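Scroll down for the structure; my scribbles are underneath it.
The values are calculated or read from the model by the stated rules, or taken from the named source; none is laboratory data. Owing to the predicted nature of the structure, the values given are computational and were not obtained by experimental measurement. Ideal geometry is used to build each Cβ from the backbone, glycine not excepted, and the neighbour counts take in all protein chains shown. Surface accessibility is based on the protein's heavy atoms, side chains included, excluding ligands, DNA and RNA. Shrake-Rupley method; radii C 1.70, N 1.55, O 1.52, S 1.80 Å.
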Amino acid sequence: MDYKLKNMAYDKFNILTSTAVPLPIENVDTDQLIPARFLKATERVGFGDNLFRDWRYNPDNTPKKDFVLNDPTYTGKILVGGKNFGSGSSREHAAWSVYDYGFRCVVSSFFADIFRGNCLNIGVLPVQVSPEFSEKIFAAIFADPKTEIEVNLPNQTITLLATGEKETFEINSYKKNNMLNGFDDIDYLQSIKGEIEEFAAQLPI
Amino acid sequence: MSKTLFDKVWDTHVVRKIDGGPDVLFIDRHLIHEVTSPVAFLGLKTRGISVLYPNRTFATADHNTPTIHQDQPVADPLSANQLHMLESNSKEYGISHWGLGHQKNGIVHVVGPEYGITQPGATIVCGDSHTSTHGAFGAIAFGIGTSEVEMVLATQCIMQPKPKKMRININGKLGKAVTPKDVALFIISQLTTSGATGYFVEYAGDVFENMSMEGRMTVCNLSIEMGARGGMIAPDETTINYVKGREFSPKGEAWDRALAYYKTLKTDADAVFDKELTFDGTTIEPMITYGTNPGMGMGISHDIPDAADVEGGAATYAKSLGYMGFHEGDSMIGKQVDFVFVGSCTNGRIEDFRAFTSLVKGKHKADNVTAWLVPGSHIVEAQIKEEGLLDILTEAGFELRQPGCSACLAMNDDKVPAGKYAVSTSNRNFEGRQGPGSRTMLASPLVAAAAAITGVVTDPRTLIEELA
């Protein structure tokens, strides 16, 4: 890459080996990830406390015992969701809340576009797997909550370590390089500022 | 090579392509609001960089503003702080700021077009997924995250892989009481909430050609609800007549140059889409949703489908119906309604209030219904008064609130209580969207009006027959 790192925008991501938290619900939307009433902050702090707020807590703020984040059986840095994860709003707060809670990777058989992009921009790796492999991951976690999953960004693979079953995942080489090195887009764009200004001068409107 | 409308606008704005990566896309117009911008400005400060083109960014407060007593201080300290941050950041960086109480204040996707910030063939972004609204003008417009808001402030560019292209064709005369909202909810019900993910959509056919700009905005607004990043409609005379002469529209020679560009903005006859769908406009009914995503909609006279007949897992479907308190096979007609909300970037424009008023005229609001009528802007509010709609609404027992996003996302005090049912002209029926535990049925202003005067879910066509 032809640009210099100015800001360490986020953690570098290389190989993540962790247990995982299963959430086999489809169409998990951003209003569930972080309800709108918790979007009033003006700094990026504390969003993890309100991740899945209304699925996680009763109206009196006591934890809902049957929700997976309140079940000590399941822990880890990988969140495995159902199909069409992150649909709805563009609020980056949804990705911030996932990150702030402690997740570094979200696995799903299908992601909503904006959520996926937001994750990539803050250093949470979205890993899209086939529906079949998604089923295998859920089955493996439910059979053994201590089962470990390896997410290998350099090789673009996700592996169930107990059985060795693996699948490759897609990520464009630019974003991959950013995640491996903790670079962000602004570093890159700042490096081509002159080109941007020349471009702007010739636009039709 | 033949190009689609989308290709033409996209390619015009690509600063450079990155091998194996995204395109660097130049952004003509950037809209910001109080909720998704503060952390972006904080980022600029941390990096010690400035705003590259302050005159390409416009700020309005909308998501988190009260819709009554706007002349008084905002009571909630967190909301007040966000509004203050928008004002102070805008001032510091030389950005136009239309805060609470400003004559131009209103919902970002309502005031953008009203003041001519929205232009055909432009690239427009905002930290809000319903930025797709502006595609109604033949712009490429889509929602972005806060990291990207910072990127646009700093460099006027974002980095995006070019999406795939889909065209949705609908022709035929729309039936009685079928509005642009129904057309959009129908499309989403056919595609599901993720059916257009990865695509940018062009809407084509006489159904869209015959729509007003307000109607086109409603349709494009809802593109995101089927997963599409955005939707667009080729600009025509209707578009150009709307845009011409507005405050931020090009003037004089710049207008002539712009007009020449606007006239190139249509899909070439032999251009190819990655996916093309065609529906018959004559079959669309007034629509209503019964579940917890906008894809769970149907014609209002239909019964709630069985899990076996819908895409997706049975467990997710059961969870959704359970939340709503509905059952497979239920008719929606006659369902309980506690709240009616007319407003939002989807249906907060003058035509929506005209439609609502046409049906409640000479009737009275049902006693069991709380109605929130929230115009999208001060211009809409003024039109409602000037056209005499307010008198009719007042006579029928309704009150008009002040502009803002309001109960669409319930960040302010306009919250539907837990367990209560709302017929809402907004865009999302997610769990708790309109307040914790609230239950939302999305529909058009006409369906909302029918619910507001009968106190239950009612097919508006039956009331129109009564009137006739």
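With an 8 Å cut-off on Cα pairs and a minimum separation of 6 or more residues, tell me the relative contact order of chain B in percent. Reported as a whole number, the value is 17 percent.
When the label point is put 7 Å from the Cα of A:Lys146 along its Cα-to-beta-carbon vector, which residues of region A:47-87 have a backbone N closer than 15 Å? Counting only backbone N, you get A:73-76.
Our Cα-only numbers for the protein assembly as shown put the radius of gyration and Dmax at 23.8, 72 Å.
Computed in the context of the full set of protein chains, the accessible area of the protein assembly as shown at 1.4 Å probe radius has 50% of its extent on carbon or sulfur. Going from the chain on its own to the full set of protein chains, region B:148-182 has these residues losing 40 Å² or more of accessible surface (heavy atoms, 1.4 Å probe, no ligands, DNA or RNA): B:Met151, B:Thr155, B:Met159.
Within 10 Å of the Cβ of each residue in B:188-200, the mean number of Cβ atoms contributed by other protein chains is 3.
Computed from backbone phi, the HN-Hα couplings of region B:306-312 come to 6, 3, 5, 9, 10, 6, x Hz, rounded to whole numbers (Karplus: 6.51 cos²θ - 1.76 cosθ + 1.60, θ = phi - 60°; Gly and Pro given as x). The equivalent ellipsoid of chain B has semi-axes of 33, 27, 22 Å, largest first, where each one is the square root of 5 times an eigenvalue of the Cα gyration tensor.
Averaging the sequence gap over all C-alpha pairs within less than 8 Å and six or more residues apart, then dividing by the number of residues, gives region A:31-103 a relative contact order of 44 percent. Mean separation of Cα pairs under 8 Å and 6 or more residues apart, divided by the residue count, gives chain A a relative contact order of 27 percent.
With all protein chains in place and ligands, DNA and RNA left out, the 1.4 Å accessible area ranks B:Arg439, B:Arg433 as B:Arg439, B:Arg433, largest first. If you sort A:Glu148, A:Glu92 by accessible surface, 1.4 Å probe, largest first, the order is A:Glu148, A:Glu92. Computed from the Cβ-Cβ distance with R0 of 45 Å, the FRET efficiency linking A:Lys65 to B:Asp268 stands at 0.15. Compute the Cα gyration tensor for region B:89-139, then decide on rounded, prolate or oblate, letting a ≥ b ≥ c be the square roots of its eigenvalues: rounded whenever a/c is under 1.5, prolate when a/b is larger than b/c in the other cases, and oblate in all that remain. Prolate. Once the chain from B:Lys176 to B:Glu311 is taken as fully extended at 0.36 nm per residue, the excess over their C-alpha distance is 45.7 nm. With N counted as the residues of region B:314-353, its alpha-carbon radius of gyration over 2.2 N^0.38 Å works out to 1.64.
Computed from the C-beta positions of B:His69 and B:Lys385, the FRET efficiency with R₀ = 22 Å rounds to 0.75. Pairs of alpha carbons in region B:48-146 separated by more than 19 Å make up 46% of all such pairs. Couplings 3J(HN,Hα) of region B:416-422, computed from phi: 7, x, 4, x, 7, 9, 10 Hz, in residue order, whole Hz [Karplus 6.51 cos²θ - 1.76 cosθ + 1.60, θ = phi - 60°; x for Gly and Pro]. Report, in listed order, any pair from A:Lys65/B:Lys420; B:Lys176/B:Lys251; A:Lys64/B:Lys420; A:Lys83/B:Lys176; A:Lys77/A:Lys193; B:Lys176/B:Lys266 with a Cα-Cα distance greater than 32 Å. As for pairs spanning more than 32 Å Cα to Cα, those are B:Lys176/B:Lys251; A:Lys83/B:Lys176; A:Lys77/A:Lys193.
Judged by the ratio a/c of the largest to the smallest principal axis of the C-alpha gyration tensor, region A:107-205 counts as prolate, that ratio being 1.5 or greater while a/b is larger than b/c.
Between B:Ile333 and A:Glu135, the simple spin-label model (points 7 angstrom out along Cα→Cβ) gives 4.1 nm. Along the Cα-to-C-beta direction of B:Glu399, a point sits 7 Å from the Cα; which residues of region B:44-76 have their amide N less than 19 Å from that point? Those under the cut-off are B:65-76. Measuring heavy-atom accessible area with a 1.4 angstrom probe and counting protein chains only, the residues of region A:54-80 that give up at least 10 Å² relative to the chain alone are A:Asp54, A:Trp55.
Determine the total buried accessible area between chain B and chain A, counting protein heavy atoms only with a 1.4 Å probe; round to the nearest 100 Å². Please report the intermediate quantities before stating the final value.
On the way: alone 17880 and 10850 Å², together 23450 Å².
In total, chains B and A hide about 5300 Å² from solvent.
In this structure the protein assembly as shown gives 35 Å² per residue of accessible area when probed at 1.4 Å with all protein chains present. Cross-link partners for B:Lys91 among the aspartates and glutamates, with Cα-Cα distance under 18 Å and sequence neighbours closer than 8 places in the same chain left out: B:Glu34, B:Asp62, B:Glu150.
In terms of overall dimensions, the C-alpha atoms belonging to region B:312-426 reach 50, 29, 23 Å along their principal axes, ordered largest to smallest. Buried on complex formation within region A:109-138 (loss of at least 10 square angstrom of accessible surface versus the isolated chain, 1.4 Å probe, ligands and nucleic acids ignored): A:Phe110, A:Asp113, A:Ile114, A:Asn118, A:Asn121. DSSP assigns beta bridges within the protein assembly as shown; of those with both partners inside it, close to 35 percent run antiparallel. When chain B is described by a simple charge dipole with +1 on each Lys and Arg Cβ and -1 on each Asp and Glu Cβ, the residue from B:Phe137, B:Ala407, B:Val360 located farthest towards its positive end is B:Phe137. The overall shape of region A:1-137 is oblate: from the C-alpha gyration tensor, with semi-axes ordered a ≥ b ≥ c, the ratio a/c is 1.5 or greater and a/b is no larger than b/c. Leaving out same-chain residues fewer than 8 places away, which lysines sit with a Cα under 21 Å from that of B:Lys415? The qualifying lysines are A:Lys40, B:Lys335, B:Lys365. From the alpha carbon centroid of region A:19-35 to that of region B:295-317 is 21 Å. Over all pairs of different C-alpha atoms in region B:257-389, the reciprocal of the mean inverse distance, the Kirkwood hydrodynamic radius, equals 19.0 Å.
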